[in-house]
Structure formats: C-alpha cells, structure tokens
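These notes concern the structure reproduced below.
The values are calculated or read from the model by the stated rules, or taken from the named source; none is laboratory data. The model shown is predicted, which means the values in this text are computed figures rather than measured ones. Cβ coordinates were reconstructed from backbone atoms using ideal geometry, including for glycine residues, and neighbour counts include every protein chain displayed.
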Amino acid sequence: MLRFLKTIAVFFATIIILFEEWLWDPLNRVMQAFGRLPLIRQMSKAIARLSPRAAIFVYVGPMLLLLPFKIIGLWLIAQHHALLGLITFLMAKIIGTALFAWLFGLTKPLLMQVAWFAKWYRVVQQISTTAHAWIHRQSLYLWMRTVAYEVLNRIVRLLWPKQ
C-alpha cells in the first residue's frame, strides 16, 4: 500500500514539476513582453517603489483573485463538466503562474526585506530543490518526461511539417 501511495505521489509531483518546468520560462518571457507596454511599465515602476509590506499584498493579491476560478473549475468537474472544468482550472493556473512569475520578479527585492518572508522563501527553496532532485531521479518521472516530449514533438511535426 505504501508503494502504491508513493507511486501516486510521484505521479502528481511529476505532473506539477513538468508543468512548472515547461511553462515558467515561456510565461515569464510573455509577461516580460507584456511588461514593456507603457501602462504596465508605469505600473511596474509604481510596484518597485512600494514598501516591502505593501509588496506582499501586491504579490499575493492576484493569486487570491484567481482562487475562485480554480474552485469553479473543480466544481465544474464534480458536476460532470470535465472539459469545461479542466479548461477553467488550467487557464486560472496558467494565468496565475504567469502573474506569479512576473510579480515575483518585480517584488522579490522588496519581499526579501521582510524577515519572515525571506526565512520562508529559503525554507521553500530548500524543500523545492530537494523535491526536484528526488523526483528527477524517479523512473516514473523519467518515463513520463520522455513520453511527454515525444507527444509534444509529434504535435509539432503535425502542425509544422518540414517542407
């Protein structure tokens, strides 16, 4: 039973880690381009001038605003609208990840001035580093990553065949 639970945990951790690894950098680039728009650039400058404590609210606020959409997505799945629920949940997750990356880039210097945030950031980073290293050694992760890359390559070849 313990082995089964470990396999399930590795499976879900793999999905989360692959999601983060594949989306973090592209979404960050999209948000950086978004950040070059005049209004957003002004907003970024205003955020950079905030106090460290105010930066916490700016950083956490949008994540809390997206939480209802994730809950609605899960509710839709429970109501047998699996595709709509999955799309709703994933869109909230993707938008949230993009905002998270962009806002963290803007607020990290301010957030690191808040002692408790800096402490928890280091703890979370250590746990994340350890978890990623462990997951990356698991055969299930290696297999899922290989399969996922192959599926993506086939999709790309179908959509953009060589001429």
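I'm trying to understand the selection: among the residues of the stretch 143-163, which are assigned to a helix (DSSP H, G or I) and basic (Lys, Arg)? So that I can check it myself, show each step before the final result.
Pass one, the stretch 143-163, residues assigned to a helix (DSSP H, G or I): 143-159.
Of everything in the stretch 143-163, those that are assigned to a helix (DSSP H, G or I) and basic (Lys, Arg) turn out to be ARG145, ARG154, ARG157.
How many residues are surrounded by 15 or more Cβ atoms within 10 Å (Cβ to Cβ) and either of a type in the set (Phe, Trp, Tyr) or under 30 Å from THR107 (Cα atoms) (or both) if we restrict to the stretch 64-84?
Within the stretch 64-84, residues that are surrounded by 15 or more Cβ atoms within 10 Å (Cβ to Cβ) and either of a type in the set (Phe, Trp, Tyr) or under 30 Å from THR107 (Cα atoms) (or both) number 5.
Among the numbered criteria (1) more than 16 Å from the chain's Cα centre (by Cα); (2) in contact (Cβ under 8 Å) with a residue 24 or more places away in the chain; (3) exposed (fewer than 14 other Cβ atoms within 10 Å of the Cβ); (4) assigned to a helix (DSSP H, G or I), which one does GLN113 miss?
Every listed condition holds for GLN113 apart from (4).
Spot the failing condition for LEU64; the list is (1) of a type outside the set (Gly, Ala, Ser); (2) in contact with a helix residue (DSSP H, G or I) (Cβ under 9 Å, 6 or more places away or on another chain); (3) closer than 29 Å to ALA118 by Cα, and only one is missed.
(2)
Please find, within the stretch 45-59, the residue that is surrounded by the most Cβ atoms within 10 Å (Cβ to Cβ) out of those that are in a helix (DSSP H, G or I) and out of contact with any helix residue (DSSP H, G or I) (no Cβ under 6 Å at 6 or more places or on another chain). Talk me through it step by step, then tell me what you get.
Just the residues of the stretch 45-59 that are in a helix (DSSP H, G or I), to begin with: 45-48, 52-59.
Add one more test, that the residue is out of contact with any helix residue (DSSP H, G or I) (no Cβ under 6 Å at 6 or more places or on another chain), and what stays is 45-46, 48, 53-54, 56-57.
Working: LYS45: 10, ALA46: 11, ALA48: 12, ARG53: 12, ALA54: 13, ILE56: 17, PHE57: 11.
Looking at the filtered set, the residue picked out is ILE56.
Say we look at the stretch 78-106 and pick out the residues that are of a type in the set (Val, Ile, Thr) and touching a Leu at 6+ places or on another chain (Cβ under 8 Å); which of these is modelled with the lowest pLDDT?
Filtering the stretch 78-106 down to residues of a type in the set (Val, Ile, Thr) leaves 87-88, 94-95, 97.
Filter once more, so that each one left must be touching a Leu at 6+ places or on another chain (Cβ under 8 Å): 88, 94-95, 97.
Details: THR88: 94, ILE94: 82, ILE95: 85, THR97: 79.
Looking at the filtered set, the residue picked out is THR97.
Using beta carbons and a limit of 7 Å, which pairs, at least six apart or on different chains, have the first residue in the stretch 20-36 and touching a residue at least 40 places away in the same chain (Cβ under 8 Å) and the second one of a type in the set (S, T, N, Q)?
From the stretch 20-36, the pairs are LEU23/THR97; TRP24/THR97; LEU27/THR97; GLY35/SER44.
Is there any pair linking a residue in the stretch 137-163 that is touching a residue at least 24 places away in the same chain (Cβ under 8 Å) to one that is surrounded by 11 or more Cβ atoms within 10 Å (Cβ to Cβ) and not hydroxyl-bearing (Ser, Thr, Tyr), with Cβ under 6 Å and at least six apart or on different chains, and which?
If the second residue must be surrounded by 11 or more Cβ atoms within 10 Å (Cβ to Cβ) and not hydroxyl-bearing (Ser, Thr, Tyr), the pairs left are GLN138/VAL10; LEU140/VAL10; TYR141/ILE135.
Could you please give the count of residues in the stretch 85-99 that are without any contact (Cβ under 8 Å) to a residue 40 or more places away in the chain and crowded, with 18+ Cβ neighbours inside 10 Å?
Going through the stretch 85-99, the residues without any contact (Cβ under 8 Å) to a residue 40 or more places away in the chain turn out to be 85-92, 95-96.
Keeping just the survivors that are crowded, with 18+ Cβ neighbours inside 10 Å gives 85, 88-89, 92, 96.
Residues in the stretch 85-99 being without any contact (Cβ under 8 Å) to a residue 40 or more places away in the chain and crowded, with 18+ Cβ neighbours inside 10 Å: 5 in total.
Please tell me if ALA33 is at pLDDT 75 or above and either in a loop (DSSP other than H, G, I, E, B) or more than 19 Å from the chain's Cα centre (by Cα) (or both). Don't jump to the end; show me each part of the working.
Working: at pLDDT 75 or above: yes; either in a loop (DSSP other than H, G, I, E, B) or more than 19 Å from the chain's Cα centre (by Cα) (or both): no.
The answer is no for ALA33.
Please go through (1) more than 19 Å from LYS6 (Cα to Cα); (2) part of a helix (DSSP H, G or I) for LEU140 and return the number of the only condition it doesn't satisfy.
Here LEU140 clears every test but (1).
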